[in-house]
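Computed from the coordinates by the stated procedures, all read-outs in this text should not be read as laboratory data. Everything numeric in this text was worked out from a predicted model, so none of it was measured. Note that each Cβ is placed from the backbone with ideal geometry, even for glycine, and that neighbours are counted across all protein chains shown.
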Amino acid sequence: MPSSNKEQWRKETLDPLLARARERKQRFETDSGIEVEPLYTPEEPAGAEYTEKVGFPGEYPFTRGVQPNMHRGRLWTMRQYAGFASAEESNRRFRYLLEHGQTGLSIAFDLPTQIGYDSDHQLARGEVGKVGVPIDTLGDMEVLLEGIPLDRVSTSMTINSTASILLAMYIAVGKRQGVELGQLNGTIQNDILKEYIARGTYIYPPAPSMRLVTDVFHYCARKVPRWNTISISGYHMREAGATAVQELAFTFANAIAYVEAALETGLDVDGFAGGLSFFFVSQNNLLEEVAKFRAARRMWARIMRERFHAREPRSWMLRFHAQTAGVSLTAQQPENNVVRTTIQALAAILGGAQSLHVNSKDEALGLPTEESVQLSLRTQQVLAHESGVSDTVDSLGGSHYVEHLTDELERQALRYIDTIDDMGGTLAALGHGYQMREIQEAAFKHQREVEEKQRIIVGVNEYVTEEPPLQNILRVDPQQERRQVERLLKVRRERDNGAVTSALKQLEEVARGTENTMPAIVECVEAYATVGEISDVLRSVFGEQVHSVVV
Amino acid sequence: MTSTNPIRVLVAKPGLDGHDRGAKVIARALRDAGMEVVYTGIRQTPQMIVETAFQEDVSVIGLSILSGAHMELIPQILTGLKERGMEEVMVIIGGIIPNEDQAALLEMGVAGVFGPGASTEEIGTFIKEGIAGARTSVGPPKRSGKSQEKDG
């Protein structure tokens, strides 16, 4: 039962937590020595509306936060997304980030790995190692994670249509390090629906893709209980042009589709809901973004409790990763991007993010250099340790403006969800190209506003200066592709090809039937079958998604 | 062909990159500017793009690429166009293309490269002027050369 006043919240929700886990400081105070309380609320009695809509952190509907004391207990995880060139090079970048105080890993894979092509495939030419690390076999994954203690570091992997394969590889490396599966902690994006809508790395048609997703839910619920089996992402839809309202609406419409799919396979809602996590952008409009994160928590809590009748509080809690907005970065006057990402990071922190990536100033021009990534990490650290914004929970809660925006974003997003429900759900709406059209419309409107200067982008359409081009842009050595192909060919020569063939055959049989695909995929990767070979087996059974064009 | 015929443009996404916000915005803006625009959708091979350009009889190809695979894919498209006798087709590129690659691509025959922050109006004007030049003179359109420094 939610508390009806602050004293009750302190006794029943905060104190039991404090008995288990100490806060970062014994006493929080401002620079003038004023003591900072964990939470500030309206004068008592706050009234039923406050309790129902806003309430207390750590309690339904979680508008103010999922933990009672939020970042006073533990700061968010600083998780910079990285990966490029090769497994060795990316491993070096990971270690560099961990040495500089990063607290979790986030792996970027190259496009062939994401779309299930080996590095020597015709379509992989020119793409190997460009936007992320190339992983063909377990051999690459071993090099990538060399020297990284998987029992202590949590890892997020941006991988979708080949998510089960990369998760299987991560599990295999964990086993080799002697780590119990129950100790492995991390997240796979595994959110195929937004790939059809915005990001584009799908392989198979929606139905078999949804099966792969729910197979992971089932497998992890039994074997890897601490794993976040999906990161339902608004980020890419927003980057493709969606508004904050559309970001919320389409993300939750997708989330509803995943929950329904999992329920249809016989899972109990409380059996998997705790493994669902979210991923949102943090954009420039500081207060709207804070309101968006607050609205997101309340919406999810209500969806899970009222629509899906989840009983466990953990099933109602929306936990999210945030990343600053790639589209807001400008190639012009790139130093300005540091200011933009600082505002965006602040919004994510004030909004109660569980983990955060801050983009680098040079990313409108290429992948970030080591120096610029370090500056991004330092941005997080300055906000964490010097700004004081994490010393109390949901400091903007109660602001008339922020509460109004929270209500309004929720109201408008729910209207979209109703529309999608009326169309028959996310998959049906997708079939009509509905979400794509809405997003394109918003993207085009944005572009027109910029060109008509109704929207000022500093350094781009106003305050323009002549400047020399930015030097020191990271370039991936074109020879990396050849070296990766050689490494792949070596694995193909040296592995037990009989074992590979029989593991792939076994996977094909499982895929044709209804059994869970994960155990067979684990067998394949442990025999050093390649990402491309495994994906080809599934292509032969599931078919391939036809690219639809909605303009 | 008279100069009052609408300019036909193919907007294409070569390679595996799925980010097509820019491609779609350009397609619509050029259409609004009176051109006939065909958008290929994502994951097009160089061969597919050349074939579509041929079938659709376009005079301009706009390639959008953000994955960094441009130096592999774009030369293949230029070669393919040459093989089909379509070297007079104006090829322009939008996306994240480092300066030294821009220079190399312009050298190979690309007419213009538009980076982040380029306006759709600027691109529309570039196409119209280039095509008008081509329709009144013989040979490929001259590139303005100015777009480069602006977008670098």
Q. If Lys and Arg each add +1 and Asp and Glu each add -1, what is the summed charge of the other residues whose beta carbon sits under 14 Å from the beta carbon of A:Ala262?
A. -3
Q: Anything in chain B that counts as a DSSP H helix reaching 18 Å or more along its axis (C-alpha) with Kyte-Doolittle mean of at least -1.0? List them, would you?
A: B:70-83, B:120-136
Q) Taking only C-alpha pairs under 8 Å that are 6+ residues apart, what is the relative contact order of segment B:8-151 in percent? A) 22 percent
Q.
What lysines does A:Lys292 reach when the alpha-carbon gap must be under 17 Å and sequence neighbours fewer than 8 apart in one chain are set aside?
A. A:Lys53
Q. Given H placed 1.01 Å from N in the peptide plane, which residues other than close sequence neighbours of B:Tyr39 have an amide H under 5 Å from its amide H?
A. B:Val11
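Given only helices, namely DSSP H runs of n ≥ 4 each adding -39500 (n - 2.57), what is the per-residue ellipticity at 222 nm of chain A, to the nearest 500 deg cm²/dmol?
Taking each H run of at least 4 residues, the total per residue is -14500 deg cm²/dmol.
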(Q) Per residue of segment A:66-79, what does 6.51 cos²θ - 1.76 cosθ + 1.60 with θ = phi - 60° give for ³J(HN,Hα)? Whole Hz please, x for Gly and Pro, Karplus curve as stated. (A) 8, 9, x, 10, 6, 6, 5, x, 9, 5, 4, 7, 8, 9
Q.
Explain nothing, just compute: Karplus ³J(HN,Hα) = 6.51 cos²θ - 1.76 cosθ + 1.60, θ = phi - 60°, for every residue of segment A:310-319 in order, whole Hz, x for Gly and Pro.
A. 5, 9, 7, x, 4, 5, 8, 7, 8, 9
Q | Interchain or long-range residues, amide H under 5 Å from A:Ser156's placed H | A | A:Leu105, A:Ser106, A:Ile107, A:Thr187
Q) Taking the Cα centre of each part, how many Å lie between segment A:504-551 and segment A:213-285? A) 22 Å
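Taking 37 °C and 0.692 mPa s as the conditions, I'd like the Stokes-Einstein D for segment A:209-336 in µm²/s, using the Kirkwood hydrodynamic radius from alpha carbon pairs. Mind showing how you got there, number by number?
On the way: Rh = 15.5 Å.
It diffuses with D of about 212 µm²/s by this estimate.
Counting only other chains, what is the mean number of Cβ atoms within 10 angstrom of the Cβ of each residue in peptide B:19-30?
On the way: counts 9, 8, 12, 5, 1, 10, 7, 1, 4, 7, 4, 0.
What the average comes to for B:19-30 is 6.
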Q: Give the order of A:His432, B:His19 when sorted by the count of other beta carbons within 10 angstrom, beginning with the fewest.
A: A:His432, B:His19
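Which helices of chain A meet both criteria: a Cα extent of 24 Å or more along the helical axis and a mean Kyte-Doolittle score no lower than -1.0, with helices taken as whole DSSP H segments?
In chain A, the long hydrophobic H runs are A:206-223, A:244-264, A:286-302, A:400-423.
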(Q) I'd like the Karplus ³J(HN,Hα) series for segment A:20-34: coefficients 6.51, -1.76, 1.60, θ = phi - 60°, whole numbers in Hz, and an x wherever there's a Gly or Pro. (A) 8, 9, 6, 7, 4, 9, 6, 9, 9, 9, 7, 5, 8, x, 6
**Q.** Cα-derived Rg to Rh of chain A, Kirkwood definition
**A.** 0.96
(Q) For A:Lys445, give me every one of the lysines with a C-alpha distance below 17 angstrom, ignoring sequence neighbours fewer than eight places off in its own chain. (A) A:Lys453, B:Lys24
Q) Among residues other than A:Arg24 whose Cβ falls under 12 Å from its Cβ, what is the net charge (Lys/Arg +1, Asp/Glu -1)? A) +3
Q) When Cβ neighbours within 10 Å are restricted to other protein chains, what is their mean count per residue of peptide B:114-121? A) 5
**Q.** Partner lysines for A:Lys25 [C-alpha distance under 23 Å; skip if fewer than 8 residues away on the same chain]
**A.** A:Lys6, A:Lys11
Q | Inter-chain shielding of A:123-130 (mean C-beta neighbours from other protein chains, 10 Å cut-off) | A | 6
Q) How do A:Leu470, A:Leu167 rank when sorted from fewest to most other Cβ atoms within 10 Å of their own Cβ? A) A:Leu470, A:Leu167
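Neighbouring Cβ atoms within 10 Å as the yardstick, rank A:Tyr235, A:Tyr60 fewest first.
Values: A:Tyr235 29, A:Tyr60 19.
Listing A:Tyr235, A:Tyr60 from fewest to most nearby Cβ atoms yields A:Tyr60, A:Tyr235.
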(Q) Give me, ordered by chain and number, the residues 5 or more places off A:Thr41 or on other chains with an amide H under 5 Å from its own placed amide H. (A) none
